[in-house]
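A.B. asks: I am attaching a structure below and will ask some questions about it afterwards.
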Amino acid sequence: MIYSTVDMRGLEEIIRELGAEGELVHLERIAPSPARFGDAPIGLSPTLETLARGLWGHQVTAIEAVLRGESVVIATGTASGKSRCYQLPIAHFAAESRGTATSLLLFPTKALAQDQLRSLGELANDVASISPVTYDGDTDQDARQWARRHSNTLLTNPDMLHAGILPFHGRWANFFARLRIVVIDELHTYRGIFGTHLSQILRRLRRVCAAYGSDPVFVFASATIGAPGHLASELCAKPVTTIDDDCSPRGERLVAIWRPPTGSSGVPVSATLASSLLLAGLVAEGRRTIAFTRARRAAELVAARAQRIVGDDLAALIEPYRGGYLPAERRAIEAKLFDGTLRGVATTNALELGMDIGGLDACICTGFPGTIASFRQQIGRAGRSAQQSLAVLVAGDDALDQWYADHPSELFCRPPERVVVNTANPFVLTPHVACAAFEIPLTQPDAELWAEGTSTDDRLGTALVEEAFEDSVRELVLSDQLHMINGRAVWAGRSGPASRVSLRSSSGMGEFRIVGPDARLIGTVDGARAFSTIHEGAIYLHQGLQYRVGRLDVDDHAAWVEPVNIDEYTQARTDTQISFVHIRQSTDLGPWRLHVGTVEVVEQVIGYQRKQTSTGAVLSHEELILPPSTLQTTAFWYEVDDESIEAAGLIDGDPMLLPGSLHAIEHCAIGMLPLFAICDRWDVGGVSTASHHQNGAPTIAIYDGYPGGAGVAELGFAAGSRHLTATFEALLGCTCDHGCPSCVQSPKCGNGNEPLSKRGAIALLRSVQES
């Protein structure tokens with residue numbers, strides 16, 4: 001198809017024409033809804049009367065609660081004016097105190113903070129007492145000094161609060177003494193390890209505030225998630241009121257489910273190529289479009305292919321955007337998004353959050369983003385001005401993608417998932433206890449503070465969190481990092497520990513730099529992903545350009561790369577061993593046995609495959625040995641009985657049939673896990689073996705990909721038989737003969753998807769289903 005700029009046509013006409021070959025398998029219409037307005041908020045400063053006109057009902061409810069001193073979470077849809085719910089209270093406190101009251105706003109990304117800075121800057125034109133500034137890793141020293149001395153509205157991120165503000169709270173004494181409101185935007189992003197880290201940081205923040213005589217109210221803003229008040233309370237250790245009755249107007253939204261067709265070679269078109277075609281088609285029609293992908297590589301590929309499809313005249317209107325870009329690169333792309341210079345962008349979830357990009361007509365999801373909450377957040381990027389909008393879910397090879405393509409109604413009726421954090425994870429708790437001791441010596445009441453916000457029916461429980469806190473203090477004392485002086489635990493080191501604690505990496509390895517031939521910094525990669533993505537010989541993508549890694553310096557945390565332009569990508573091969581350290585709970589699933597507990601996983605990159613990008617064909621297998629990494633985490637695992645194996649006919653014949661059957665179940669089970677836990681396959685790992693070295697039984701294990709666990713394994717254990725049934729149904733429902741990416745093949749398999757037996761997996765699961 002040749003694309004050209006034409007007169008604007010309706011979105012339904014465009015999507016039906018683009019899907020004329022049968023790609024469009026479902027089109028859902030979400031009806032518009034009118035606005036429901038509220039009265040002027042009671043208690044708001046009279047100077048803000050003009051700004052408070054025309055507020056929606058949920059905004060009024062939130063503002064009044066904050067002014068009463070309640071901590072709140074606003075969990076309403078995209079473009080529902082959540083920012084106004086905290087901006088007006090910030091303006092109120094500033095106006096009433098003549099600029100002395102301070103506010104702290106935390107955002108998970110720098111891009112979102114910049115977006116809010118623009119919005120608060122406009123508010124400052126009406127409320128002169130507000131002086132908003134950003135304070136993050138891109139802020140130079142002069143600007144940081146000015147912020148400490150003069151700003152009363154500080155926009156930052158959890159990383160900077162953790163390592164750049166709390167350890168130096170003495171420099172911020174006036175700010176903390178007058179702190180009235182703390183804003184946590186995009187609450188739904190704080191799940192797993194990142195959320196667990198934030199729960200520790202906010203407890204440290206409350207300690208520091210108390211030392212200076214303040215007790216701020218917390219305001220959380222979130223996309224729709226399950227039990228938002230519970231999560232918010234766990235994070236800030238305070239009671240939190242939930243406000244989730246969305247009164248904002250909504251334009252009509254068309255949601256298309258897209259299944260890529262089979263190409264001329266008989267192989268299905270990839271989701272990234274299908275997204276490229278959709279992005280190109282919509283851009284050529286004059287529609288401003290955002291295409292989300294689940295990986296940095298995919299964002300680069302979608303943008304590059306779309307540029308080639310639209311041709312030279314329109315190519316400049318499309319760009320990629322992802323994490324790892326340098327600050328100047330990010331700012332330049334964001335500016336073009338805001339002013340409308342860009343008509344199409346392919347991005348990771350770096351732009352999923354609540355940035356007001358403005359005027360977007362369409363959104364493309366390249367594969368299901370992992371959770372219902374994230375899916376709804378992504379498709380809400382378009383149509384923010386209440387105009388008709390289009391969202392397209394392009395079903396990828398993943399088993400869950402195909403399941404939703406076959407059950408589209410589940411996307412719209414399934415309740416949002418509950419976000420999981422693990423406040424007692426010792427691998428996260430202990431470093432933050434050390435940070436807290438460096439800031440202010442610890443005393444007995446601190447254990448009670450750490451346990452606040454944990455409900456008594458939670459799996460951890462208040463007593464368990466208190467015990468975990470005391471264990472951390474004891475561990476730090478025994479290791480001579482803390483000294484007990486007059487009943488207080490005092491930091492014993494020369495320098496603070498915060499700089500050595502990474503919030504976004506649980507590996508403890510920090511970031512690796514990507515260095516070009518001219519010693520120019522090209523980008524960065526998290527240490528946990530370094531060995532598998534920037535090993536020697538790896539192909540690394542950055543802004544559509546390919547680089548081959550020539551040398552990986554483990555000690556210097558740097559990879560040295562050379563530019564290349566080839567039809568090739570690489571995939572690491574790994575050797576993984578798992579040991580069961582402690583069984584917490586067990587149950588029977590018919591003849592199978594299911595456990596959950598603490599495990600130790602040892603993983604080593606042993607090589608990689610070179611693959612052709614255009615066809616996926618394997619070009620070569622390369623050997624590679626990198627240092628092993630050890631992970632202590634939580635897992636749930638199935639022990640398979642001999643009778644089930646015999647009933648499935650897997651005892652005699654091919655010796656690889658049983659390992660291949662277990663391996664196939666492992667892959668499909670991981671793919672279906674997000675139906676029961678808020679995660680995706682990249683949050684967990686799996687190991688299967690025909691005879692585990694400890695129990696001697698055929699075993700399938702699925703483990704949290706973070707030290708100490710993030711709560712996913714416990715939810716998998718609780719799902720138990722439902723999880724196995726969904727896995728069985730997914731295998732039966734896939735129309736392939738021998739196994740494909742939609743059922744048993746995994747994009748992250750460290751063994752190159754070998755061996756796999758779909759037939760054996762079905763037979764084995766049938767035996768337990770019928771028992």
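The values are calculated or read from the model by the stated rules, or taken from the named source; none is laboratory data. Quantities reported herein were computed from a predicted structural model and do not represent experimental measurements. Here Cβ is always computed from backbone atoms with ideal geometry, including for glycine, and neighbour counts include all displayed protein chains. These area figures cover heavy atoms from the full protein model, side chains too; ligands, DNA and RNA do not enter into them. Shrake-Rupley method; radii C 1.70, N 1.55, O 1.52, S 1.80 Å.
A.B. asks: For the range 584-702, give the magnitude of the charge dipole about the Cα centre (Cβ charges: +1 Lys/Arg, -1 Asp/Glu; no others), in debye to the nearest 20.
C.D. replies: The calculated dipole for the range 584-702 is roughly 460 debye.
A.B. asks: Additional query: Do any cysteines in the chain lack another Cys Cβ under 4.7 Å, and if so which?
C.D. replies: Cys85, Cys209, Cys236, Cys247, Cys363, Cys365, Cys413, Cys435, Cys668, Cys679, Cys749
A.B. asks: Efficiency by 1/(1 + (r/R0)^6): what FRET value for Arg488 and Glu122, r their Cβ-Cβ distance, R0 = 45 Å, to the nearest 0.05?
C.D. replies: Given R0 = 45 Å and the Cβ-Cβ separation, E is 0.45.
A.B. asks: A follow-up question, please. In terms of solvent-accessible area of protein heavy atoms at a 1.4 angstrom probe, what is the ranking of Arg322, Arg259, Arg488, highest value first?
C.D. replies: The residues order as Arg488, Arg259, Arg322, largest area first.
A.B. asks: Also, quick follow-up: Looking at this model, which pairs from Lys238/Lys336; Lys110/Lys238; Lys82/Lys748; Lys336/Lys611 are more than 32 angstrom apart at the alpha-carbon?
C.D. replies: Flagged as over cut-off: Lys238/Lys336; Lys82/Lys748; Lys336/Lys611.
A.B. asks: Of the DSSP beta bridges with both residues in the chain, give the percent that are antiparallel, rounding to the nearest 5.
C.D. replies: 60
A.B. asks: Just add up the charged neighbours of Gln577: K/R +1, D/E -1, any other residue whose Cβ is under 15 Å from the Cβ of Gln577.
C.D. replies: Combined, the nearby Lys, Arg, Asp and Glu give -3.
A.B. asks: Would you kindly compute the Cα radius of gyration of the range 510-608 and its largest Cα-Cα separation (Dmax), both in Å?
C.D. replies: 19.0, 62
A.B. asks: Let me ask something else about it. Below 8 Å, C-alpha to C-alpha, sequence gap of six or more: please give me the relative contact order for the chain in percent.
C.D. replies: Rounded, it is 11 percent for the chain.
A.B. asks: Is there a quick way to get the dipole size of the range 41-145? I mean about its Cα centre, with the Cβ of Lys and Arg at +1 and of Asp and Glu at -1; what is the value in debye to the nearest 20?
C.D. replies: Taking the Cα centre of the range 41-145 as origin, the dipole is about 220 debye.
A.B. asks: Compute the label zone of Glu17 within the range 275-315: residues whose backbone N is under 17 Å from the point 7 Å along Cα-to-Cβ.
C.D. replies: 277-289, 310-311
A.B. asks: In nm, what is the difference between 0.36 nm times the number of residues separating Thr100 and Asp556 and their Cα-Cα distance?
C.D. replies: Between Thr100 and Asp556, full extension yields 159.6 nm more.
A.B. asks: Quote the convex hull volume per residue of the range 312-449, based on C-alpha atoms, as a whole number of Å³.
C.D. replies: Hull volume over Cα atoms, normalised by residue count, gives 213 Å³.
A.B. asks: Further question: Give me the accessible area of Tyr706, 1.4 Å probe, in Å² rounded to the nearest 10.
C.D. replies: Counting only protein heavy atoms, Tyr706 exposes about 60 Å² to solvent.
A.B. asks: Here's a follow-up. Using the Cα centre of the chain as the reference point, and only Cβ charges (+1 on K/R, -1 on D/E), how large is the resulting charge dipole? Debye, rounded to the nearest 20.
C.D. replies: 2040
A.B. asks: I would also like to ask the following. As a test question: what accessible area, to the nearest 10 Å², does Glu646 have when a 1.4 Å probe is rolled over all protein chains in place?
C.D. replies: The accessible area of Glu646 comes to roughly 120 Å².
A.B. asks: Follow-up question, since we're still on this one. What is the sum of charges, Lys and Arg at +1 and Asp and Glu at -1, for the other residues whose Cβ falls under 15 Å from the Cβ of Val618?
C.D. replies: -2
A.B. asks: OK, next. Nearest 0.05, what FRET efficiency do Asn565 and Leu521 give at R0 = 22 Å with Cβ-Cβ as r?
C.D. replies: The calculated FRET efficiency here is 0.55.
A.B. asks: For a bin width of 10 Å, list the pair-distance distribution of the chain built from all Cα-Cα distances, rounded to whole %.
C.D. replies: Per 10 Å bin, starting at zero, the Cα-Cα P(r) for the chain comes out as 3, 13, 23, 26, 21, 11, 3, 0, 0 percent.
A.B. asks: Between the range 547-621 and the range 38-116, what is the separation of their alpha carbon centroids in Å?
C.D. replies: 45
A.B. asks: Distance in nm between label sites at Thr262 and Glu49, each 7 Å beyond Cα in the beta-carbon direction?
C.D. replies: 7.1
A.B. asks: Continuing with the same structure: Round to the nearest 0.05 the FRET efficiency obtained for Gln577 and Glu754 when R0 = 22 Å and r is the Cβ-Cβ distance.
C.D. replies: With R0 = 22 Å, the Cβ-Cβ based efficiency is 0.80.
A.B. asks: Let me know the Rg and Dmax you get for the range 10-121 when you use only its Cα atoms, in Å.
C.D. replies: 19.5, 64
A.B. asks: Find which of Ile678, Leu631, Gly711 sits farthest along the positive direction of the dipole of the range 616-771, computed with +1 on the beta-carbon of Lys and Arg, -1 on that of Asp and Glu, about the Cα centre.
C.D. replies: Going by the charge dipole, the pick is Ile678.
A.B. asks: What is the distance, in nm, between label points placed 7 Å from the Cα along the Cα-to-Cβ direction at Ala173 and at Gln141?
C.D. replies: 2.3
A.B. asks: With label points built 7 Å along Cα→Cβ from the Cα atoms of Arg149 and Ala463, find their separation and express it in nm.
C.D. replies: 5.4
A.B. asks: A follow-up question, please. So what does Trp491 come to for accessible area, using a 1.4 Å probe and Å² rounded to 10?
C.D. replies: 40
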